[in-house]
Structures are given as structure tokens and as C-alpha cells.
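Contents: one structure, followed by commentary.
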Amino acid sequence: MNHWFKLQVCNGTTVDTVNIKPVTEESSDDFLYNRWRFIYLTPWPTNSTMDQNTKKQQVAAAALAYIKDDMIIGVGTGSTVNYFIEQLAQIKHRIEAAVASSEATAALLKKFHIPTISLNSVNELQVYIDGADEATKYLHLIKGGGGALTREKIIAAASAKFVCIIDDSKLVNVLGQFPLPVEVIPMAQSYVARKLVSLGGQPLLRQGVTTDNGNIILDIHHLSIHQPAELEAEINQITGVVTNGLFARRPADVLLISDGQSVKTIT
Ligand code: 5RP
């Protein structure tokens, strides 16, 4: 006897159900094996992952309101920004060009035929759209989970307005639960790590990662950051540090936060 199987297929956002009937009894065992193999190889997103993706999509769409005709805009890096790039593609004829904060973002902009330009060809960017790993209501951020912190910080510095887009899981009272990324010149790894320990942190090398600038990343665990602007400056003073992922001296100008229902704005 042949069995019908109900198979749920998920692409990370939506779930489809398909009915499949194997051709023979013998192949049904094969199919069962393959079905379980498929489920094993494709991690099933939890409700919270799906919710978080919805929130990211929602806040990415809200950022479009900050894009005006003929602007040259800065575009950050990460999964939230990837949703923004998808939305931007719909109105790409309205902007002049985009400056990418990473090779990954440049590739995605290219895929959507959104014109790119180098930062050295422009004086000032009118607006910069980027995500964050943590944010406070004072618009201080931790960034660099995607390893693009240095280019992101350069673009933020060169932008008139920095619009940061996050889902509500990223909003915190005190920064530091998310390990603080520090981009470091490779030969200075041990020296910088010792200095970071003396500041009270526990630096860990991000394994297998080389930044777009050819450097390594040390992630500092177990920090509770009560004075982000001071710590940002102190870490940047360590010889061998390229920059760290605290965005407090040049914070966001606008924080858009999605809770899945609506998007809240903090300025
Ligand atoms: C990359 C970043 C990202 O903005 C940050 O990691 C958030 O990423 P995501 O939107 O995927 O949560 O700083 O260097």
C-alpha cells in the first residue's frame, strides 16, 4: 500500500504544505529517509525566528520614507539591511547611487541593479541606513556582528543622517550583552587582547573571519557598558585597533524599532 505524505517546506519566512505520494511501497522507505534527511539538513525556524524576520522586513520598509529623490545614500550590512535593499530595488530609479559598507552589500546592490559609487567620489551622504546588534534609547549602538564595523563607521561619519533600523529584540537598557566587536591588525592580536582584558573584558577571536580590510575581529564578552562614548574612545586608543563596534561618539540620528505590529521612532 502506498502512503501519502504531508511535507511542510519552509524558506525561512513562509511555510507551504505539499502532499507527496511515493510510486511504490519500496520507494516510500526511501522517501521517508529522504524526508527526514531534508528536515535534518534544513533547520526549522522557530516562531520567534519567523517573527524576527517579519519585524526586520517591516522596519526595512519604514526606512524607505527617508529616501528622497536624487539622493546618494549609504547602505549598511546585515540581514535587516538586506530586506531594505530588496525594498530599495523597487524605487531605484529615484536615487542617484548608493555607497556600500561591505563587499556583501555591494554584491547585493549589484544583483538588484542599484547603482553604486565609491565614498571617495562624494562629499557627504544625505542619509545612511543600517542595522545594529544592540541599541539604547539614547541612540548608542553596538555594531559589527556582520564584521563590517569599520566601513560602517566611516559611512556613518560621512553621513548627514544615520537611520538605524532594528527589531525590538535589539533594544536594551545597557549595551554589552552582545559581545563588542573590535577590528584589529592581525600582528597586534595578542597585544590588543591583553589590553582589552585589562579593561575588564574577555576578548575572543572570531574564528575564520577576515574583514573586507584584511583584518581580524576580537569580540569582547562580559562587558557592561555604562559610558559608551568613553569606552569607544579608550578602545580606539589601543595601538593595533582599527576601530570598535561602539557607535556612541557618532550615534544614530533616528532609531526605527519594529515590534511586529508597528514601527516606533526615537530621535
Ligand atoms: C554588520 C552590522 C549589522 O548591522 C548588525 O550585525 C545587525 O545585523 P542583522 O540586521 O543581521 O541583525 O553591524 O556589521
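Nothing in this text is a laboratory measurement; each read-out follows from the coordinates by a stated rule. Model, not experiment: these values are computed from the prediction. Backbone-built Cβ (ideal geometry, glycine too); neighbour counts: all protein chains shown.
Observations
- Hypothetical label at T239: residues of the stretch 169-200 whose amide nitrogen lies under 12 Å (7 Å Cα-Cβ projection): 188, 191-192
- Taking 0.36 nm per residue of sequence separation and removing the Cα-Cα distance, the R94/S79 pair yields an extension gain of 3.1 nm.
- For the stretch 180-247, the share of alpha carbon pairs falling in successive 10 Å distance bins from zero is 22, 61, 16, 0 percent.
- Taking a sphere under 12 Å around the Cβ of D51 and counting the other residues whose Cβ falls inside, with K and R at +1 and D and E at -1, yields a net charge of -1.
- FRET efficiency estimate (nearest 0.05) - Cβ-Cβ, H221 to M187, R0 30 angstrom: 0.85
- The stretch 124-157-the stretch 178-196 distance, computed between alpha-carbon centres (Å): 19
- With the highest mean first, a sort of the peptides 188-195, 116-123 on other beta-carbon atoms found within 10 angstrom per residue produces 188-195, 116-123.
- For the stretch 63-206, a Kirkwood radius taken over Cα pairs fed into Stokes-Einstein (10 °C, viscosity 1.306 mPa s) yields D = 98 µm²/s.
- Applying 1/(1 + (r/R0)^6) with R0 = 45 Å to the Cβ-Cβ distance of L199 and D70 gives a FRET efficiency near 0.50.
- Net length gained if the chain between Q207 and D51 were fully extended (0.36 nm per residue, minus Cα distance): 53.3 nm
- When the Cα atoms of the stretch 146-267 are aligned to their principal axes, the ranges along those axes come out at 46, 28, 28 Å in descending order.
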